[in-house]
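Quick note: the coordinates plus some simple rules give every number you see, no bench work behind them. Please read all numbers here as calculations on a predicted model, not as lab measurements. Please note: Cβ atoms are built from the backbone with ideal geometry, for glycine as well, and neighbour counts cover all protein chains shown.
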Amino acid sequence: QVQLVESGGGLVQAGGSLRLSCAASGRAFSSYVMAWFRQAPGKEREFVVGISRNGGRTDYADSVKGRFTISRDYARSTVYLQMNSLKPEDTAVYYCAARVTNDVTTRYTLYDYWGQGTQVTVSS
């Protein structure tokens, strides 16, 4: 079992940056693949980026490649999402997710644990 708590969302102008954090507690942080998803009003939850258990593999959605960076800090049991060059279409609730197996998958139904979400709003 793991508990996930996101923070760092907010309102930013287009072209700006935000860094989201997801603090994990409970079972060993290194046991989980971690990922970020997002959901805009009226849309399905979509994969943003995932990182393997040892941090050696990352997988980004095409829409965020070159702008977003995921990282994980094992000492703090925290995963980060650095978001640069933000666009209005990045506006959504961002969710942190964890799964036990070592496959980074884009399918949200395959993740076992979820945070409560944090709102990111990008104004034009």
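Points to keep in mind about this one:
- For the range 1-91, trypsin sites (Lys or Arg not before Pro) are listed when DSSP marks them as loop and at most 11 other Cβ atoms sit within 10 Å of their Cβ; the list is 43, 65.
- Relative contact order for the chain, counting Cα pairs under 8 Å that sit 6 or more residues apart, in percent: 36 percent
- Rounded to the nearest 20 debye, dipole of the chain from Cβ charges on Lys, Arg, Asp, Glu: 200 debye
- Choice from 66, 50, 42 with maximal GNM fluctuation in the chain (Cα, 10 Å cutoff): 42
- Comparing mean-square fluctuations of 35, 24, 14 from a GNM of the chain with C-alpha springs under 10 Å, the top value falls on 14.
- Where N is the number of residues in the chain, Cα Rg divided by 2.2 N^0.38 Å: 0.97
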